[in-house]
Amino acid sequence: MGFLRIRTTVDERPGRLASLAAALAARGGNILGLSVQSDADGTVDEFVADIPANPETVREALEAAGGRCVQVVPATAHELTDEPTRALLLASRLRSMPWRLPELLAELLRADDARWIYGEAVSDLPDPTQLVVPVAPRRAVRLRRAELPFTLTEAARAASFARLAQPAETSAAERAIKLSDGVEVTVRPLTSIYREAVRDLHDRCSPESRRFRYFTSMPSLPARTFDRLCDRSRGFSLVAGHDGQVVAMANLMFTPDPGIAEMAFLVEDRWQGQGLGTAMARMLVRSARDLGYAEVKATMLSDNARMRRLLISLGATLGYTEDPGVMEGRLPVGTMVSA
């Protein structure tokens, strides 16, 4: 006796499912699970059965009963879990750990492999054993399953599941932060209306602060750079304001590395050392998690002691790059040290 997962495409005709069930029963099969899914070529019936016959015999029996594209693969007793219950349990785990989306999608669809991909989402893939699930602009999860092609129903399930990892506009909410000296600043998403205020922030920052941010004491922020920071398809940025001025800016930029975003900060000199950079860093990391990223990195000049301390306080791992004057910190979004 052995468990088999059996999938076959059928024509929508009365009695077809009964014919398939009878064919399995004739081979000594006990149907333990059944689902009906939609696909491009018709309806797909999927059985989990305890059956003594070998896979080839089962395939031939179902083809004789009217099944098309019959596929038979080994299954385990673990797969007999009630499917709605299993999906709800996975959804609960995703809501508490959205950065684990690829892993949980793979578990939901019993995929062999799941990983982040960066760039435009691919659609109408010719390979039915590959499924790309869009998560956010320029980010998606690619799933692979060698033995059983993905159905349209499974693609819809995956898309709905991925939406659970994307809280509606939680990253874009305005937030008040009280600093160590008791002063309160307001943090908002960066938009084009702050162009002049950000320009003034750069003017007020010392050359050293600008060098730490841009690796050069950039006297002013080029218009194209500001536009890029406002482009939500390239990243997510925040500004902190007080008394009509922008006093700090924090940027989360999407990178070519799948699942990784990069953050950077510019805090006006007289506002440094009061916890503002740390508070905005925590907001960026939470935003990265909600956008579907698994890790945030930061690149800094090796003499930027304040940035090193900030990253260490969050739980990041620091290391040198190929350039001895440049360091890099990496922070898995699920391990950020709580405030």
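Among the listed residues Gly67, Gly15, identify the single one that is in contact with a strand residue (DSSP E or B) (Cβ under 9 Å, 6 or more places away or on another chain) and either open to solvent by 50 Å² or more (accessible area, probe 1.4 Å) or over 30 Å from Gly334 (Cβ atoms) (or both).
None of the others qualify; the one that does is Gly67.
So, restricting to strands (runs of 3 or more DSSP E) that lie completely within the stretch 191-294, which ones have at least 1 residues that are open to solvent by less than 10 Å² (accessible area, probe 1.4 Å) and more than 26 Å from Arg330 (Cα to Cα)?
Working: elements: 235-242, 245-254, 260-267.
So the answer is 245-254.
Could you check how many residues of the stretch 23-42 are assigned to a helix (DSSP H, G or I) and surrounded by 13 or more Cβ atoms within 10 Å (Cβ to Cβ)?
3
Only one residue in Gly273, Gly259, Gly241 is in contact (Cβ under 8 Å) with a residue 12 or more places away in the chain and within 20 Å of Glu295 (Cα to Cα). Which one?
On inspection, the qualifying residue turns out to be Gly259.
If you take the residues of the stretch 86-124 that are more than 11 Å from the chain's Cα centre (by Cα), at pLDDT below 85 and more than 23 Å from Leu152 (Cβ to Cβ), which of them is least open to solvent (accessible area, probe 1.4 Å)?
Going through the qualifying residues, I end up with Gly119.
Taking only pairs six or more apart or across chains, which ones have beta-carbon atoms under 9 Å, a first residue in the stretch 290-304 that is under 9 Å from Arg213 (Cα atoms) and at pLDDT 90 or above, and a second residue that is open to solvent by less than 10 Å² (accessible area, probe 1.4 Å) and in a strand (DSSP E or B)?
Sorted first by the residue in the stretch 290-304, then by its partner, the pairs are Met300/Gly329.
The values are calculated or read from the model by the stated rules, or taken from the named source; none is laboratory data. This is a predicted model, so every value here is computed, not measured. Please note: Cβ atoms are built from the backbone with ideal geometry, for glycine as well, and neighbour counts cover all protein chains shown. Accessible surface areas use protein heavy atoms only, side chains included; no ligands, DNA or RNA. Shrake-Rupley method; radii C 1.70, N 1.55, O 1.52, S 1.80 Å.
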